Structure formats: C-alpha cells, structure tokens
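Working notes, structure below.
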Amino acid sequence: MSPIIRVGIIGAGNVAARHADVLSGFPDVTIAGIADTDLRRAEALALRHGSPAYGGHADLLDAGDLDAVFVCVPPFAHGKPEHDVLSCNLPIFVEKPLSLNLETAKNIAAEIERRGLPSAVGHHWRYLDIVERARDLLAGRPVRLAIGHWLDKVPPVGWWLDPALSGGQVVEQAVHVLDLARLLVGEVEMVHAVPAVNGVDGEVDRAVAAVLRFTGGATGMLATTCLLRHKHRVGLEVHADGIALDLTETRLTVDGETIVQDDGQAKIRVARAFIDAVRGGDGDVRVPYHEALRTHELALAVARSAAQSRPVELDGQGVS
C-alpha cells in the first residue's frame, strides 16, 4: 500500500468537517475528495483541504484511487452510500447512528463481513482515556446501577425534529451513552421507555425516561430531553460496590470528589485506529461495524418501546 492513505469523505456537514480536520493532521493521509448532495457545501469543505468536490458519492467513487471512505451522512441517508463503497471493496468508517432501521444496518454489517473489510464506527467515547481509568476502577466490582443522561437542546439542522429523518434523540444522540453503558455494565435484556406528552404532533419526543435491565443483574435508567437552551448534562453514572463513577465526555468524577480530566484526544484516536487498520496493522478499532450494530439495536429498542408504550425484550445480543 502507498505510504499515503487516500480517504474519501461522503457528507460535508459538521461531523464530516471535524473528521476532515483530524485526517488532515495525519502525515500519512490525504483527503482525496469530498462529496455531498449540496455541492456548494462540499466545495466549501474541500477548498479548506485542497481536495476535489463532488455533488454525490457516486461521482467520488467513480473518480477512484481511494484507499478508504468515511461516511458522514444524516440518519435517513444511510444505506446506499455504504453499499456503494463496499461494492468498490473499500474499508469503511461510518458515523453513528447507523441507520433509521435495523434491516439496513444488518445488511451493511453482513456485506462488510462477507468482504472481510476493515470497518469502524464513530463511537469515540470508547477512546476517552477516562473510560480506561473507569474500567480499571471497576475491575472486580460488577456495576449494579447505571444512570444515563442526554439533556440538551435541539441541534441546528432542519431534519432533526422529524423522527422519520433523525430517528429521534435516543437513536441520534443518546446512542453514545448506551454504547458506554454496554461497555461498562454489559448487555441489556429489557427496556421500557415512556415518552412525555409532545407539544407538537409528528415531531421527536421532547423527553423520554427509560428503565433498562442488564443481563448481568444490573438495573439502569436513561433520561433524555431536547427542551433546553444549551447542553445541560450528558453522560453516564455507574455505581458498584463501594464506588460511584460519573463520566462525561470531558471528565470522570469518582465518589463525588476526585475529578480526572480527559485528555481530549478521543476524536483523534478513533480516526487514527481506523487508518492503522486500513494499513493492515493492529489498528485499535474498538467499535467495528458489527459491534456498533449491537448498540444500534439497543437504541432502536428504546425508541420502539417509547413509540409502542410497552417493554421490549432483548436476547442480550440484539432485539428479539
């Protein structure tokens, strides 16, 4: 393989721009092209990185000469971009959430496995150095209570309030917290979510409370809202014998007192691990696509429970 990894990026929104900035900082990576259905937006991001711009992902792939592709599209746009990338036999990095439904994500996972390609999903919380510290502190102490929060505002994108486009707050945002809960607590076997009465019909639930039962015996709760004017609280508390940990994206609080700041490098590590895997080395990919699929199944189960006003059982690996 060439000393320089040529990466294409599908999507030119805020998350794609963040990945482009990170990738541009790697001496062994060049951004070979950026595609977006809004050509002007693709051109603006491409100009910053000295790359060609395309008005669709098919044009980017047709141009060829790529070593890997980052797919950074809204929830409703997943599916065809991934399959087209995989049809070119290219390693793929996908931003969460994986899709609006389980079938789309399962089909993509099956194709990745069939082709034996490197893959990764942008669950960068797994790369927080404070998460490693938390796992060390919890060693030998099974978690018995987990409490997750995503208490925030409505993001400034037009599609977000439409559940048919975003999947709702649990799927689009709180999936990060659910992924961390799976890592620190274990798999989930039952969820029961209750939404608040919505102010506007046809929009995402503005608040959801859910109870979770973990296969290892722990119980959990998840609270989400997008009613606020700014991000108020996002993170996960875990409680085990003799210890309480509170993790956010920036710090770990131990027993309500000791505060450990994260080093802020997680978003770099998640991209670096994928690039190393593309090179064929021992890339530290902590969330390949098939692992992210299990978190996605959990998020969809919470959303389904809220929509149907009933508990949803899982088999400890996915929705049953």
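The values are calculated or read from the model by the stated rules, or taken from the named source; none is laboratory data. Quick caveat, the model's predicted, so the values are computed rather than measured. Note that we place each Cβ from the backbone using ideal geometry, even for glycine, and neighbour counts take in every protein chain shown. Side chains included, ligands, DNA and RNA excluded: accessible areas come from the protein's heavy atoms. Shrake-Rupley method; radii C 1.70, N 1.55, O 1.52, S 1.80 Å.
Some points to look at:
- Loop sites by DSSP among the trypsin sites (Lys or Arg not before Pro) of the chain, restricted to those with at most 14 other Cβ atoms within 10 angstrom, leave 1-152 as the longest stretch without any of them.
- Whole-Å distance, taken between Cα centres, linking segment 248-290 and segment 76-124: 21
- Spin-label model, Gln265/Asp62: points 7 Å from Cα along the beta carbon direction are separated by 4.2 nm.
- The angle between the Cα long axis of helix 175-184 and the main principal axis of the chain comes to about 70°, on a 0 to 90 degree scale.
- Direction-averaged projected area, Cα convex hull, segment 21-135: 8.5 nm², rounded to one decimal.
- Close lysine pairs were tallied over the chain: pairs 8 or more places apart or on different chains with Cα atoms under 23 Å apart number 9.
- For the chain, calculated [θ]222 nm from helices alone, where every DSSP H run of n ≥ 4 adds -39500 (n - 2.57): -10000 deg cm²/dmol
- In the chain, the longest principal axis of the Cα atoms and the axis of helix 14-24 are about 60 degrees apart.
- Segment 44-187 - accessible surface per residue (Å², probe 1.4 Å): 38
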